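To start, the structure under review is shown below, and the notes come after it.
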Amino acid sequence: MKNYLILPALILSVSIGYSQKNKNAYELASPNGQNKIKFELVKNAPKYAVSHGKTEVITPSDLGFLLKGNEDFSSNFEIKNVKNSTFDETWEQVWGEKKNIRNHYNQLVVELQQKSGNKRKLEIQFRAFDDGVAFRYVYPKQNVKDSIFIMDEKTTFNLKEDGKAWWIPANRENRDEYLFEEAPVSKLDTVLTPLTIESKSGLALSFHEANLIDFASMTLVNNVGTQLKSDLVPWSDGVKVRVKDTFTSSWRTIQIGEKPTDLITSYLILNLNEPNKLKNTDSYFKPYKYLGIWWGMHIGKYTFWESDKQGATTKHAEEYIDFTAKEGFHHLLIEGWNKGWTPGWYENRMHMFSFTKNADNFDLEKVVEYAKKKDIELIGYHETGSNLINYLQQVDEGFALYKKLGIHTVKIGHVGSKLNMKEMHFGQFGVNYFRYILEKAAQYDLAVLYHESIKDTGERRTFPNMVSREAARGQEYNAWSEGNPPNHLSIIPFTRLLSGPMDFTPGIFDVEVKQGYPGKRIQGTVGQQLAIYVTTYSPIQMLADLPENYEGKPALQFLKDVPTDWEDTKVLNGEIGQYITTVRKDRNSADWFLGSITNENPRDLEISLSFLDKNATYEAQIYADAAGTDQKHNPEAVAISKKTVKASDSLKLHLGGAGGTAIRFKKL
Ligand code: CA
């Protein structure tokens, strides 16, 4: 058992960071005093505002809901009670991008009650952190008898000034698998979170939510000026949230940085989730790298279904196991192993996959036996096709089969634009489904890798069997679509990745995809593919390419060396959509690793090595784009060199267009 608590938690009822302006106005400041939330009851309606230093961020904005029957639940309030507290603890992640995380905030809780009518009560909890602010609604059990139907959330975020927003659309066919675009806040339609904004005064803001349970996901809509409004994803009948007699919304979060890179090392989302409820995940999940019978299907070399090009055959599985073992890796994903795969399986239909029956030409028990002899563990795969009626009937049997076979991770896919062709993935139905499966998987000692899921809201703190998810455009788009443009990888660390780990599936060495569809390729260099293992965090990272493309390649050594569990993370430089350089320290050795990537523009960067241990010498093992290499010229060429360095040194990096550099700093 690890030590989860490093410092004792402090909960003090003293007026730190809190002041009362008058009987209807209160101000809450973060521990360092920089971030402030002002709460005020204005004409009986609750309002809040946010500032950072001398900069107003959010001007007075609305709070509350609209309930069924057009019942207004955002006004006619009086303050019944106000409580404040401060909290400071440092907790340890079971696995993660940083081992020890400080959770330090001041809290203000305002208890409201309506003055007439149903006299409903509403509690609003505010927390001010040094890296941002958050608030949520608690509807306590009370005397009103009906079930509660939330028809709309009235929360607004009145941005003081416009800014450049990095957005993807909400409520669309492909869920959150869209390319980020930039636009002024004042021009946005309905967008998903995390929504990251570079404000005119130079602040970096990111709007998201944390600890989403039994509620609808929040999207944001711009209706007027620079105002964003919460727009909850509805059920198919238009109701946004239906609950029995009490609810707690997710935290509405605003991360605040003085530059965009500050957002990446903010752990506010995790801090707003409940502590670990699973004490035994260490016994069945440790971060790893994996190969898979997967890319072959996406590039058209193999099929998911039974055919003369079937990917998941016992024969292919044994060949992949041999290669995985030979190169020193221990995990292998096999997709298409079960019954139910048909051509066009990705279309919206109520697919009938089996989660226990083998596809023809595949023998799961035999493959597991063979794998065990070579110290390889399989990663299970359940593609639901978004037919959850079928899936939930079989999920216990499917999980039990994996448990019996000693399989400890399951990838679960949800291809389809709606769950059961009816409900949106991001609605309350989907939120409850994805949480239910996490808890069920834990009962079978299974770690979960979600694809086509809802967004992450920090679940991994409470359920560290939630190890990674897709929830964005990943590498697969390079196999069969127009592809991800070169700026995509320099945008997602500042946007999508703020919500949690991503299974991007990096590591394509044949970036021109010679065995694939004509004209389809990765718009980047192999140097960049290596660097993604550091710039994109996930506790499980795929080596996505075909074994034959790794065979004999010296750059494979970096993928053998790079860990997926970190003691610490620092972002050395970066601009959204331009470039980023991230360094992380291995949790199990004294080594540091660096990943630096750029968009289509080549770039020269000078890196201070002051993050290294001052008293040590390191061998920098450098994997860089070879001279003259960029996405269009010799993109596979990686120049490998070694150099002895110290913390007082600096390094010059040259990145080709859509290129990258990856470095291991091995402590000598
Ligand atoms: Ca996908």
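Listed by chain and number, the aspartates and glutamates placed with their C-alpha closer than 16 angstrom to that of Lys38 are Glu27, Glu56, Asp62, Glu111, Glu123, Asp130; residues fewer than eight positions away on the same chain are left out.
Let a ≥ b ≥ c be the square roots of the eigenvalues of the Cα gyration tensor of segment 548-623; is it rounded (a/c under 1.5), or, if not, prolate (a/b larger than b/c) or oblate? Verdict is oblate for segment 548-623.
Please report, in debye to the nearest 20, how large the charge dipole of the chain is about its Cα centre when each Lys and Arg carries +1 at its beta carbon and each Asp and Glu carries -1 there.
On the way: 82 positive and 84 negative charges, 358 e Å.
That gives the chain a dipole magnitude of about 1720 debye.
Segment 407-451 and segment 195-269 have their alpha-carbon centroids 21 Å apart.
Here the average projected area of the convex hull drawn through the C-alpha atoms of the chain stands at 28.7 nm². When you filter the trypsin sites (Lys or Arg not before Pro) in segment 23-125 for DSSP loop state and at most 13 other Cβ atoms inside 10 Å of their Cβ, you are left with Lys23, Lys43, Lys54, Lys115, Lys119.
Of all DSSP beta bridges confined to segment 260-385, the antiparallel ones make up roughly 10%. For Gln20 and Asp72, a Förster radius of 30 Å and the Cβ-Cβ distance give a FRET efficiency of 0.65, rounded to the nearest 0.05. Both numbers refer to the Cα atoms of segment 257-342; Rg and Dmax are 19.5, 56 Å.
Both numbers refer to the Cα atoms of segment 439-515; Rg and Dmax are 14.5, 43 Å. From the Cα gyration tensor of segment 477-536, with a ≥ b ≥ c the square roots of its eigenvalues, which class applies: rounded if a/c is under 1.5, or else prolate if a/b is larger than b/c, or else oblate? Taking the square roots of the gyration eigenvalues as a ≥ b ≥ c, segment 477-536 is prolate. Dipole check for segment 303-384: with +1 at the C-beta of Lys and Arg, -1 at the C-beta of Asp and Glu, and the Cα centre as origin, the magnitude is about 100 Debye. Can you compute the FRET efficiency between Ser354 and Thr265 using 1/(1 + (r/R0)^6), with r the Cβ-Cβ distance and R0 = 25 Å? Round to the nearest 0.05. Efficiency at R0 = 25 Å is approximately 0.05.
Computed extension length for Ile640-Leu668: 8.2 nm, one decimal, from 0.36 nm per residue of separation with the Cα-Cα distance subtracted.
If you look for lysine pairs in segment 370-496 that are eight or more places apart or on different chains, how many of them have Cα atoms under 16 Å apart?
Here the count comes out as 8.
In terms of its C-alpha gyration tensor, segment 182-222 comes out oblate, because a/c is 1.5 or above while a/b does not outweigh b/c. Each label was represented as a point 7 Å from its Cα along the Cα-to-Cβ direction; for Lys145 and Lys422 these points are 2.9 nm apart. Multiplying each eigenvalue of the alpha-carbon gyration tensor of segment 604-668 by 5 and taking the square root yields semi-axes of 25, 12, 7 Å, largest first, rounded to whole angstroms. Here segment 629-668 is scanned for amide nitrogen atoms under 11 Å from the site 7 Å beyond the Cα of Ala616 along Cα-to-Cβ, giving 647, 665-668.
Here, each number is a calculation from the coordinates, and none is a lab measurement. Predicted, not measured: the structure shown is a model, and the values here were computed from it. Here Cβ is always computed from backbone atoms with ideal geometry, including for glycine, and neighbour counts include all displayed protein chains.
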